[in-house]
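Rule-based calculations on the coordinates, nothing more; no lab input. Model, not experiment: these values are computed from the prediction. Cβ placement follows ideal geometry from the backbone for every residue including glycine, while neighbour counts extend to all protein chains displayed.
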Amino acid sequence: MRKEKRIVIIGLDGVPYRLLKGLAEKSVMPNTGSIIKEGIFRKLQSSIPEVSSVAWSSVITGANPGEHGIFGFMDLAPGTYRLRFPNFNDLKKPPFWNKIKGKSVIINVPSTYPVKELNGIHISGFISPRVEKSVYPATLLPELKELDYRVDVDSSKAHKSLELFLADLDKTLKARIRTFRWLWEEDWEIFMLVFTGTDRLMHFLWDAYEDKNHRYHQDFLSHFRQIDEVIGEVKSKISNQDSLIMLSDHGFEHLDKDIYINHLLRREGFLKLQDVREPTWSNIDHPTKAFALDPARIYLNLKNKYPRGAVEPEDKEGILRDLRSLFNSLEVDNKKVIRDVYRKEEIYSGLLLEQAPDLVLIGNKGFNLKATLKANKLADKGIFTGKHTQDDAFLLVKGYNITNVRENPTVSDVVDIMK
């Protein structure tokens, strides 16, 4: 029997407010444009840092990282310098689908691997290394194989050929759409579908969006047209008593330079390696005062916290002041690199605050902050032409009795709209 007041959530990973607005106005995304006219359309503040693992964890829990415990794509295992990927088991707050009585269909939400038992269907998103742990219930696996379902685009193809990458992007999108149509026929109260190919496309081909004469400009627009067709399908299938929530987890903009934060820390004497010929995490030396994890999370090398910890509690404030001064004064090509330097207490709250980075940096326009240990220079430019932004995601809501949308919403506020 048809349920009343269902909720549909469509995620467009990385899509900025201004891009969506522009494509809707230019009729590249007419279905989205009609929803904008009928609904509530706002800029959405992303998480800090503005990466998908942190942002989507905040979206699905309604909590900040100090409560849900996901601070980045990679962390150090407790008491070590060994890198590890936090996964769905590390999420300390329950996702919204665990709190409802009805069934849910959840497709491709990043950082929800490995899947867990739930009342409904769950196909995890990036990063999902083992397919048998990516789908619940596992009985769906044969049909997904028939649909040629892929968790993610093979981004390595872009380093060989952008044409190969675009072909794989299109195949991945079409398989995602086939899966959406199949699972739509299930019984559900909440249906959530995230398109992550948008993020991959904008990383490699943001310049194709900005330049109408670019070889791949029409390919860029075609990807969004196909997504808009799905949005139109959803709009035609839901009733006046259903609610539709569309959002992105962060924004995007043109990338000018990659900035390597650990190179800066090494250059200024805050980070020491035992052997500079082997820039690995296991090679961090005792005199180290601070190091960075992607994209720009700064951790003090505290004594009794890390194996070769060197920072005494009484020295912490002085080092944090010195680091803040260093980052605030950093310039490349006569441009200020860092927009904001946040202490953890300024942006996080909750029982997991002590696990948070001591400082988090947000890059200024055009500067992409990275934390690899292997960089031998401060600034460089790779294959990416687009980078994440923190303050230009979008939220679009249309539905029955929707009144609780804040004027300046954040990713942690999305759950409240479903109440």
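Rounded to the nearest 0.05, what FRET efficiency do Ala77 and Ser325 give with R0 = 22 Å and r taken as the Cβ-Cβ distance? Could you check?
Details: r = 31 Å, r/R0 = 1.41.
Result of the calculation: an efficiency of 0.10.
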Checklist outcome for this item: Taking r as the C-beta separation of Ser349 and Arg406 and R0 as 22 Å, the FRET efficiency to the nearest 0.05 is 0.80
Checklist entry - Using only helices, what value at 222 nm comes out for the chain when you add -39,500 (n - 2.57) per DSSP H run of length 4 or more and divide by the total residues, to the nearest 500 deg cm²/dmol? => result -9000 deg cm²/dmol
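How would Asp392, Asp333, Asp152 line up from fewest to most surrounding beta-carbon atoms within 10 angstrom?
Numbers: Asp392 21, Asp333 10, Asp152 17.
In order of increasing Cβ crowding within 10 Å: Asp333, Asp152, Asp392.
If the only charges are +1 at each Lys and Arg Cβ and -1 at each Asp and Glu Cβ, what is the size of the charge dipole of the range 308-412 around the Cα centre, to the nearest 20 debye? Present the calculation step by step, with values, prior to reporting the outcome.
Details: 17 positive and 16 negative charges, 120 e Å.
The calculated dipole for the range 308-412 is roughly 580 debye.
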Checklist entry - Where nothing but the Cβ of Lys and Arg (+1) and of Asp and Glu (-1) is charged, how large is the charge dipole of the chain around its Cα centre, in debye to the nearest 20? => result 160
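What full-extension length gain, to one decimal in nm, is calculated for Arg277 and Asn89 as 0.36 nm per residue of separation minus the Cα-Cα distance?
Working: separation 188, 0.36 × 188 = 67.68 nm, distance 3.58 nm.
Extra length available between Arg277 and Asn89 comes to 64.1 nm.
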Item to check | Lysine pair count for the range 1-56 [Cα-Cα under 29 Å; pairs on different chains or 8 or more apart] | outcome: 8
Next on the checklist: Given a 10 angstrom Cα cut-off, can you work out which residue in His286, His254, His68 is the most mobile in a GNM of the chain?
Outcome noted: His286
Checklist outcome for this item: Gyration tensor on Cα atoms of the range 189-278, a ≥ b ≥ c root eigenvalues, a/c under 1.5 rounded, else prolate if a/b beats b/c, else oblate, says oblate
Next on the checklist: Please compute the volume of the convex hull spanned by the alpha-carbon atoms of the range 1-80 and report it per residue in Å³.
Outcome noted: 154
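Based on the alpha-carbon gyration tensor of the range 49-206 and its eigenvalue square roots a ≥ b ≥ c, which shape applies: rounded if a/c is under 1.5, prolate if not and a/b is larger than b/c, or oblate? Before the final figure, lay out each step's value.
Numbers: a/c = 1.75, a/b = 1.05, b/c = 1.66.
Here the range 49-206 falls in the oblate category.
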Item to check | Cα-centred dipole magnitude for the range 257-380, charges only on beta-carbon of K, R (+1) and D, E (-1), debye, nearest 20 | outcome: 300
Item to check | Listed residues Pro287, Pro307, Gly269: farthest to the positive end of the dipole of the range 257-380 (Cβ charges) | outcome: Gly269
Checklist outcome for this item: Taking alpha-carbon centroids only, the range 38-106 lies from the range 338-355 a number of Å equal to 15
Checklist outcome for this item: Taking every DSSP bridge whose two residues both lie in the range 257-380, the antiparallel percent to the nearest 5 is 75
Next on the checklist: Below 13 Å, Cα to Cα, which aspartates and glutamates can Lys335 reach? Residues fewer than 8 away in the same chain don't count.
Outcome noted: Asp256
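So how much slack lies between Asp148 and Ser222, counting 0.36 nm per residue of separation and subtracting their Cα-Cα distance, in nm?
Values: separation 74, 0.36 × 74 = 26.64 nm, distance 2.07 nm.
Extra length from Asp148 to Ser222 when fully extended: 24.6 nm.
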Next on the checklist: For Lys398, give me every one of the aspartates and glutamates with a C-alpha distance below 14 angstrom, ignoring sequence neighbours fewer than eight places off in its own chain.
Outcome noted: Glu38, Asp242
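For the chain, calculate the relative contact order in percent as a whole number, restricting contacts to Cα pairs under 8 Å that are 6 or more residues apart.
Numbers: 871 pairs, mean separation 121.8, N = 419.
Dividing the mean separation by the residue count of the chain yields 29 percent.
Exceeding 32 Å between C-alpha atoms, which entries from my cross-link table qualify? They are Lys92/Lys370; Lys171/Lys235; Lys289/Lys377; Lys133/Lys212.
Values: Lys92/Lys370 26 Å; Lys171/Lys235 24 Å; Lys289/Lys377 20 Å; Lys133/Lys212 42 Å.
Cα-Cα > 32 Å for Lys133/Lys212; rest within.
Which percent, to the nearest 5, of DSSP beta bridges fully inside the chain are antiparallel?
Working: 34 of 60 bridges.
Here the antiparallel bridges make up roughly 55 percent for the chain.
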Item to check | Nearest-0.05 FRET efficiency for His286 and Asp170, computed from C-beta distance (R0 60 Å) | outcome: 0.70
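Would you mind calculating the gained length between Lys381 and Arg339 on full extension (0.36 nm times residue separation, minus the Cα-Cα distance), in nm to one decimal? Provide the component values of the computation, followed by the final result.
Numbers: separation 42, 0.36 × 42 = 15.12 nm, distance 1.93 nm.
Stretched fully, the Lys381-Arg339 segment lengthens by 13.2 nm.
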Checklist outcome for this item: Gyration tensor on Cα atoms of the range 257-380, a ≥ b ≥ c root eigenvalues, a/c under 1.5 rounded, else prolate if a/b beats b/c, else oblate, says oblate
